[in-house]
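Notes follow the structure.
The values are calculated or read from the model by the stated rules, or taken from the named source; none is laboratory data. These figures come from a predicted structure and were not determined experimentally. Ideal geometry is used to build each Cβ from the backbone, glycine not excepted, and the neighbour counts take in all protein chains shown. We work out accessible area using only protein heavy atoms, side chains counted, and drop any ligands, DNA or RNA first. Shrake-Rupley method; radii C 1.70, N 1.55, O 1.52, S 1.80 Å.
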Amino acid sequence: MSSDRPIRVLIGKPGLDGHDRGAKVIARALRDAGMEVVYTGLRQTPEMIAEAALQEDVDIVGLSILSGAHMALVPRIREVMDSSGLKDVPLIIGGIIPDADKQVLETIGVSGIFGPGANTEEITGFIRSLVAARDQDRPA
Amino acid sequence: MSALATQVLQGDRRALARLLTIVENAREGSDDALAALFPHTGHAHIVGITGPPGAGKSTLVNALTQALRTDQKTVAILAVDPTSPFSGGAILGDRIRMRDLAGDTGVFIRSMATRGSLGGLARASRDAVRLLDAAGYDHVLVETVGAGQNEVEIARMAQTVLVVEAPGMGDDVQAIKAGILEIADILVVNKADHPGLDNTVRGLKMMLELGHPASRTQVMSHHGRAMSVAAPVSASDDQPLWMPIIVQTVATEGRGIEALLDAIRAHRAHLHLDGHLQRLEHRQLEIELQERLRDALLARLLEHVSAQDMSVLIERIQQRRLTPNQAVETMLAGLRFGQFED
Ligand SMILES: Nc1nc2c(ncn2[C@@H]2O[C@H](COP(=O)(O)OP(=O)(O)OP(=O)(O)O)[C@@H](O)[C@H]2O)c(=O)[nH]1
Ligand SMILES: [Mg+2]
């Protein structure tokens with residue numbers, strides 16, 4: 001199912017920090033891997049991210065968080081997405097996340113966490129397999 | 001009726017988003033859903049926004065939508081960005097400039113990649129606009145890719161076309177592409193806070209005065225790949241001709257947006273006069289049908305030509321034993337044209 005069309009990804013930059021270099025780098029890498037990347041810019045609220053994910057019908061949402069505010073932001077984003085009917089849209093995170101937090105985030109439904117050192121092939125491969133797995137249990 | 005189509009008519013935004021994907025990917029159910037929703041189309045005012053990269057199209061869409069919302073009108077936006085020819089991927093970034101619209105349930109924004117289509121739109125754009133129309137939005141705004149070349153495709157589906165320029169981009173008259181000017185119902189000189197405004201406005205006025213008011217049909221067909229040229233429209237059956245309006249805006253500050261809205265309303269009123277809208281739609285449908293027919297015929301014909309046949313013919317062309325045109329005639333003859341069935 002996923003091979004006959006490009007994967008659609010939303011790259012969100014929640015929180016108040018004003019740098020989106022990391023988000024742009026990953027957006028370009030995903031584009032270069034053949035994906036369609038909706039990029040919404042800086043300072044997105046959880047509601048804005050969920051709304052964009054819904055309207056754009058993306059296969060997956062990736063968040064870039066370097067501010068350290070991940071524990072405040074990510075559970076809220078997952079919650080708003082779930083209540084908007086986006087339970088089946090996986091969430092992955094890029095940023096510096098301490099191991100203890102990683103475990104908590106995984107239990108609330110974050111599918112993947114990538115540190116600043118992660119290479120882009122690892123990330124694109126992960127996205128592809130997540131989307132393929134989801135398409136399997138979702139009728140076309 | 002397909003479940004998703006029913007949900008779209010009930011105002012379900014998630015269903016609309018899902019159906020847009022299905023239509024964009026021409027997946028199973030796409031044709032049925034479009035057929036179910038088609039009777040509900042024809043109510044939205046479809047406005048195209050084109051112009052060179054960075055002229056401020058998305059910012060203008062943001063400001064325009066806010067103004068339309070104070071009128072209680074609902075707005076759907078289709079924002080098209082180019083697909084990378086190298087990877088097949090795309091960065092869809094128009095939403096960055098539309099953040100003021102977040103949280104408003106009267107607005108629906110969808111980004112779309114061109115996926116190899118030329119002309120500033122995607123192959124599925126027309127049907128996507130139909131879905132948004134059927135979903136009940138009062139206005140559908142379509143932002144094309146900003147290549148600044150020949151994005152005349154938009155004239156084939158929009159009722160009102162805005163061509164956005166900015167000072168410093170258009171003051172060189174040579175830089176203003178005639179084709180793009182000819183499709184403009186409204187010329188927006190955005191970034192009116194930038195130097196060089198007067199030059200640009202003067203240049204555009206001059207271009208408008210030089211160019212006789214060509215009808216959009218002529219432009220549409222002559223830039224298009226339609227098989228036959230739609231009948232040119234004479235001034236007499238298209239009276240009175242619409243003269244493009246020039247509006248100056250500063251989209252980032254909302255300046256000039258009321259005047260732009262007035263111009264859009266005036267154009268819409270013009271369309272509703274004397275059956276202009278119906279004639280415009282007739283010509284647009286004629287071109288669409290020709291395109292669809294050509295695509296469908298080609299696809300069916302190619303089912304009967306094997307890759308092997310094709311490569312034999314190519315070899316003969318390379319040996320200079322056949323011209324490309326003779327090769328086509330050979331293929332058509334081999335098909336016993338007119339008898340092919342599925
Ligand atoms: N000074 C000034 N800047 C503007 C104005 N309108 C837009 N901009 C800025 O111009 C830049 C490009 O604006 P966009 O709205 O993204 O332009 P666009 O035509 O949609 O660009 P593409 O979609 O990439 O072709 C942004 O930085 C805007 O903030 C304006 O009226 N005045
Ligand atoms: Mg834009």
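Here are the numbers:
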item: Phi to ³J(HN,Hα) by Karplus 6.51 cos²θ - 1.76 cosθ + 1.60 over region B:313-319, Hz, x for Gly, Pro; result: 5, 4, 4, 5, 5, 5, 7
item: Label-point gap, in nm, between A:Arg5 and B:Asp100 - each point 7 angstrom along Cα→Cβ; result: 3.3 nm
item: Accessible area that becomes buried as A packs against B, both chains, 1.4 Å probe, Å², nearest 100; result: 2500 Å²
item: Built amide H within the under 5 Å cut-off of A:Phe114, gap 5+; result: A:Ile93, A:Gly94, A:Gly95
item: Eligible lysines near B:Lys73 by straight Cα distance, threshold 27 Å, same-chain separation 8 or greater; result: B:Lys57, B:Lys191
item: B:Leu335 paired with B:Asp31, simple spin-label distance in nm, labels 7 Å along Cα-to-beta-carbon; result: 1.8 nm
item: At R0 = 35 Å, FRET efficiency that the Cβ-Cβ distance of B:Asp309 and B:Ser87 yields, to 0.05; result: 0.60
item: With eigenvalues of the C-alpha gyration tensor scaled by 5 and rooted, region B:64-137, Å; result: 25, 15, 8
item: Distant-in-sequence amide H partners of B:Ile109 (H built 1.01 Å from N, under 5 Å); result: B:Ile77
item: Calculated P(r) tail over 42 Å for the protein assembly as shown, as whole % of Cα pairs; result: 23 percent
item: Hits among lysines - C-alpha to C-alpha of A:Lys87 under 28 Å, sequence gap 8 or more where chains match; result: A:Lys13, A:Lys24, A:Lys102
item: Computed [θ] at 222 nm, deg cm²/dmol, the protein assembly as shown (DSSP H ≥ 4; -39,500 (n - 2.57); rounded to nearest 500); result: -13500 deg cm²/dmol
item: Accessible area of the protein assembly as shown divided out per residue, in Å², using a probe of 1.4 angstrom; result: 47 Å²
item: Residue-wise HN-Hα coupling along region B:292-301, computed from phi with Karplus coefficients 6.51, -1.76, 1.60 (Hz; x: Gly, Pro); result: 5, 5, 4, 4, 5, 5, 4, 4, 5, 5
item: Within the protein assembly as shown: Cβ-based charge dipole about Cα centre, in debye rounded to nearest 20 (Lys, Arg +1; Asp, Glu -1); result: 440 debye
item: Semi-axes of the equivalent ellipsoid for region A:8-137, Cα gyration tensor, largest first, Å; result: 18, 17, 16
item: Mean-position separation - Cα centroids, region A:66-140 and region B:62-105, in angstrom; result: 25 Å
item: Amide H contacts of B:Ser117 (H built 1.01 Å from N, under 5 Å, at least 5 apart or other chain); result: B:Arg123
item: Phi to ³J(HN,Hα) by Karplus 6.51 cos²θ - 1.76 cosθ + 1.60 over region A:85-100, Hz, x for Gly, Pro; result: x, 10, 4, 8, 9, x, 10, 10, 10, x, x, 8, 10, x, 3, 4
item: Leading residue at positive end of dipole, the protein assembly as shown (Cβ point charges), from B:Leu313, B:Ala134, B:Ala44; result: B:Leu313
item: Net charge dipole size for region B:4-93 [Lys, Arg +1 and Asp, Glu -1 on Cβ; Debye, nearest 20]; result: 300 debye
item: B:Leu241-A:Asp82 pseudo-label distance in nm [points 7 Å out on the Cα-to-Cβ vector]; result: 6.3 nm
